[in-house]
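Participant: Structure incoming, see below.
Just so it is clear, none of the values below were taken in a lab; they were calculated from the coordinates. Worth saying up front: this structure is predicted, and the values here are computed from it rather than measured. Backbone-built Cβ (ideal geometry, glycine too); neighbour counts: all protein chains shown.
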Amino acid sequence: MSELKKYPPSAAWMANAHVKGPAAYQALVAEAEADHEAYWGRLARELLSWKKPFTKVLNDSEAPFFKWFEDGLLNVSYNCLDRNIEAGLGDKTAIIFEADDGSVNKVSYSQLLAKVAQLANALKKRGVKKGDRVVIYMPMSVEGVAAMQACARIGATHSVVFGGFSAQSLRDRVQDAGAVMVITADEQQRGGKSLPLKAIVDEALEGGNCPTLKDVIVYKRTGGNIAWVAGRDLWLHELTASESNVCEPEWVEAEHPLFLLYTSGSTGKPKGVQHSTGGYLLHAALTTKWTFDLKPDDVFWCTADIGWVTGHTYISYGPLALGGTEVVFEGIPTFPDAGRFWQMIQKHKVSIFYTAPTAIRSLIKAAESNEVVHPKNYDLTSLRLLGSVGEPINPAAWEWYYQHIGGGNCPIVDTFWQTETGGHMITPLPGVTTLVPGSCTLPFPGITAAIVDETGNDVPNGQGGILVVKKPWPSMIRTIYGDPERFKKSYYPSELKGYYLAGDGAIRDAETGYFTITGRIDDVLNVSGHRMGTMEIESALVSCTDLVAEAAVVGRPDDTTGEAICAFVVLKRPRPSGDEAKAIAKQLRDWVAKEIGPIAKPKDIRFGDNLPKTRSGKIMRRLLRSVAKGEAVTQDTSTLENPAILEQLGQAY
Ligand code: PRX
């Protein structure tokens, strides 16, 4: 790390940021170390408005099922909307919505509250009650954010499903959550094309296999043709038209589940990560304040989709809880051309920009091959802070982001966190941290991140190990919905002394103590910042029972997407080659897209007569990873029944 360039904070940043300089950071860390509960209690009182104040900060009597602020009552939507209006921000723009076609719609805090209240009233009238689960399968839209806020307002627990997931994935989530309602749109608009949403909901619900589900609410986004199930389907605009724009918030306990969000683990089906109300909102607000230094005049833009946790915390909740103005974007970074992001920053005078390394890497490529979309053609001087999330950012992409987007004077916050953590865990703070490209630097104050060995003992700096969090924190995952045992096993394995297991490997720099994330230590892949389990993709492949006998999936490094999915497949018919292999590979990719979603399509498909296995019959995954990378195989292959398959598997389709 010492050979990499370092970027200390400027004097202006140190003087003006919410956290002013290293000494202020150290003071916060020391405050948390001295009394973890008092620290979080102070912040929860300062950042959130409570209907009934809590008297107890942390209840660890049933660890690892921790409870924070448990006797306090609050409402997330009140904290994000009403209290800002009460503070005089009613006419302030909450959301600048830009659609795929470039049209813009600005919504003030008062207008957003009216929308949320009308929908909340409508949901109540349809019988949705506190604690009911509502699945949201929506395009990026004001209505999508409003749907989440409306659930929060009445104490319903939302579960947003990314609009790129297939009918099968949607059905699994509706069933697992026991949802009573799906809120969707007729279609979504991406890159100039209309893509179905309602049709996928219809397919997911076909055959009455989601018995808990009563209503499907449809937002008319494009006006495209859709099928209609009488008695089940309702138009959002008809439902809300006659509703009052006043809706008393449901005051819920701090531990009340605000949302479930399904994410991939190393085994089996995706798990429903359950988050709380009070602790989650505290960290959403606090990290938006300290990491992004959000101020009243900022225009904040997080490019994530509300279907991922980043969109939850840094679109639907954090910026609104602070009364900020944010951009919500429906389209894709390459439409109408790869200058879209830069053009939007210029147009909306975005001051804080938060995106994923994959997007940056693909826009670098685009800018290098086409002058017209190079960021130098746009006025990006409104920017003052940049952020990165979802995967490691390689130093070359960091430097480009810093120079070409930030003009050499915007700090980059490389934020490490996870669906399970609710908000930033390890991240620079602008105005505090000397930046080193490729490192997420130091823990957020109050987050006790550490690196340990397999038995939970600290490893010295400079030596890699397992990333853990030693003490509970307010926005942590509460459980896996419906499977508390899996929660304990996945995140609090007994050998780790009661520490939270993140599932990533990491190393701290010997000199600075800075963290660098070295990647997942389980069978989870990170493709374009999207998280996927190898087992999930394998199950999807083998469910193609006409064709596939056996499949193994591994990741391999990819210059643009970080990791790429590589599938090794044994067919129920003779191993194909040439055009036939290409055609079957396409068929299998389409199959996976239908089973999970297009994001899970393998980039490489390799066919073998069988898969390399150990004597005990275990697939030799390490060997497959070498093959996928195109590396020389150094593993012992003497146990292979059929050494010829190594050559077969060398060919990717
Ligand atoms: O491997 C880490 C990687 O993304 C995983 C979490 O994925 P997900 O739950 O989908 O949440 C993504 C958005 C918060 C982590 O276990 N990851 C996330 N941020 C970073 C990262 N890896 C390196 N650097 C990061 N900044």
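Participant: Looking at Ala583, Ala600, Ala632, Ala593 in this structure, which one is under 17 Å from Gly164 (Cβ atoms) and surrounded by fewer than 17 Cβ atoms within 10 Å (Cβ to Cβ)?
Facilitator: Just a single option satisfies the conditions, and that option is Ala593.
Participant: Please enumerate the residues belonging to segment 424-435 that are under 25 Å from Arg531 (Cβ atoms) and either away from the ligand (no atom under 15 Å from the Cβ) or in contact with a Pro (Cβ under 9 Å, 6 or more places away or on another chain) (or both).
Facilitator: Once the filter is applied, which keeps residues that are under 25 Å from Arg531 (Cβ atoms) and either away from the ligand (no atom under 15 Å from the Cβ) or in contact with a Pro (Cβ under 9 Å, 6 or more places away or on another chain) (or both), segment 424-435 yields Met425, Ile426, Thr427, Pro428.
Participant: Are any residues in segment 140-161 in a loop (DSSP other than H, G, I, E, B) and touching an Asp or Glu at 6+ places or on another chain (Cβ under 6 Å), and if so, which ones?
Facilitator: Hits for segment 140-161 are Met140, Gly155, Ala156.
Participant: Report yes if Val299 is of a type in the set (A, V, I, L, M) and either free of Cβ contacts under 8 Å to residues at least 60 places away in the same chain or within 24 Å of Thr419 (Cβ to Cβ) (or both), otherwise no.
Facilitator: When the stated conditions are applied, Val299 does not pass them.
Participant: Moving to a separate point now. Within segment 443-452, how many residues turn out to be crowded, with 22+ Cβ neighbours inside 10 Å and in contact with a helix residue (DSSP H, G or I) (Cβ under 8 Å, 6 or more places away or on another chain)?
Facilitator: Number of matching residues: 2.
Participant: Across segment 275-309, what is the number of residues that are assigned to a strand (DSSP E or B) and under 16 Å from the mean Cα position of the chain (by Cα)?
Facilitator: Residues meeting the conditions: 3.
Participant: Go through (1) more than 10 Å from the ligand (Cβ to nearest atom); (2) part of a loop (DSSP other than H, G, I, E, B) for Leu386 and report which single condition fails.
Facilitator: Here Leu386 clears every test but (2).
Participant: Any idea which of Ala114, Ala99, Ala63 is in contact with a Pro (Cβ under 8 Å, 6 or more places away or on another chain), hydrophobic (A, V, I, L, M, F, W, C), surrounded by fewer than 22 Cβ atoms within 10 Å (Cβ to Cβ) and touching a residue at least 60 places away in the same chain (Cβ under 8 Å)?
Facilitator: Ala63
Participant: I'd like the residue in segment 560-580 that is in a helix (DSSP H, G or I) and among the acidic types (Asp, Glu) and, out of all such residues, is surrounded by the fewest Cβ atoms within 10 Å (Cβ to Cβ).
Facilitator: This residue is Asp579.
Participant: Which of the residues spanning segment 473-488 are within 23 Å of the chain's Cα centre (by Cα) and either surrounded by 20 or more Cβ atoms within 10 Å (Cβ to Cβ) or of a type in the set (Asp, Glu) (or both)?
Facilitator: If the condition is that a residue be within 23 Å of the chain's Cα centre (by Cα) and either surrounded by 20 or more Cβ atoms within 10 Å (Cβ to Cβ) or of a type in the set (Asp, Glu) (or both), then Trp473, Pro474, Ser475, Met476, Ile477, Arg478, Thr479, Ile480, Tyr481, Asp483, Phe487 are the ones that fit.
Participant: Related question: Given the conditions (1) more than 16 Å from the ligand (Cβ to nearest atom); (2) free of Cβ contacts under 8 Å to residues at least 40 places away in the same chain, report the number of the one that Glu326 does not fulfil.
Facilitator: (2)
Participant: List the number of the failed condition for Asp414; all other conditions in (1) free of Cβ contacts under 8 Å to residues at least 60 places away in the same chain; (2) farther than 27 Å from Glu70 by Cβ; (3) more than 12 Å from the ligand (Cβ to nearest atom) hold.
Facilitator: (3)
Participant: Only one of these is free of Cβ contacts under 8 Å to residues at least 24 places away in the same chain and either in contact with a Phe, Trp or Tyr (Cβ under 7 Å, 6 or more places away or on another chain) or buried (at least 24 other Cβ atoms within 10 Å of the Cβ) (or both): Gly191, Gly90. Name it.
Facilitator: Only one candidate passes the filter, namely Gly90.
Participant: Select, from Ala593, Ala540, Ala567, the only residue that is touching a Lys or Arg at 6+ places or on another chain (Cβ under 9 Å), within 26 Å of Thr303 (Cβ to Cβ), hydrophobic (A, V, I, L, M, F, W, C) and more than 16 Å from the ligand (Cβ to nearest atom).
Facilitator: Ala593
Participant: Now a separate question. Mind checking which residues of segment 473-519 are assigned to a loop (DSSP other than H, G, I, E, B), of a type in the set (D, E, K, R) and more than 16 Å from the ligand (Cβ to nearest atom)?
Facilitator: Asp483, Lys497, Glu511
Participant: Output the qualifying pairs, or none if there are none: Cβ atoms under 6 angstrom, residues six or more apart or on different chains, first residue in segment 235-256 and closer than 21 Å to Asp186 by Cα, second residue crowded, with 18+ Cβ neighbours inside 10 Å and among the small types (Gly, Ala, Ser).
Facilitator: Leu239/Ala122; Thr240/Ala122
Participant: Only one of these is crowded, with 21+ Cβ neighbours inside 10 Å and outside any strand (DSSP E or B): Thr381, Thr433, Thr455, Thr415. Name it.
Facilitator: Thr433
Participant: Inside segment 45-57, can you point out the residues that are touching a helix residue (DSSP H, G or I) at 6+ places or on another chain (Cβ under 6 Å) and surrounded by fewer than 20 Cβ atoms within 10 Å (Cβ to Cβ)?
Facilitator: Leu47, Ser49
Participant: Residues in segment 364-371: is at least one within 16 Å of the ligand (Cβ to nearest atom) and at negative phi?
Facilitator: no
Participant: Moving on. Please find, among Gly464, Gly456, Gly438, Gly446, the residue that is within 20 Å of Ala23 (Cβ to Cβ), touching a residue at least 12 places away in the same chain (Cβ under 8 Å) and either over 19 Å from the mean Cα position of the chain (by Cα) or more than 10 Å from the ligand (Cβ to nearest atom) (or both).
Facilitator: That would be Gly446, the only listed residue that is within 20 Å of Ala23 (Cβ to Cβ), touching a residue at least 12 places away in the same chain (Cβ under 8 Å) and either over 19 Å from the mean Cα position of the chain (by Cα) or more than 10 Å from the ligand (Cβ to nearest atom) (or both).
Participant: Follow-up. Collect the residues in segment 35-56 that are closer than 22 Å to Tyr317 by Cα and in contact with a strand residue (DSSP E or B) (Cβ under 9 Å, 6 or more places away or on another chain), keeping them in residue-number order.
Facilitator: Within segment 35-56, Trp40, Gly41, Ala44, Leu48, Ser49, Trp50, Lys51, Lys52, Pro53, Phe54 meet the criteria.
Participant: Hey, among the residues in segment 603-629 that are among the β-branched types (Val, Ile, Thr) and buried (at least 16 other Cβ atoms within 10 Å of the Cβ), which one's nearest to Phe162 (Cα to Cα)?
Facilitator: Ile605
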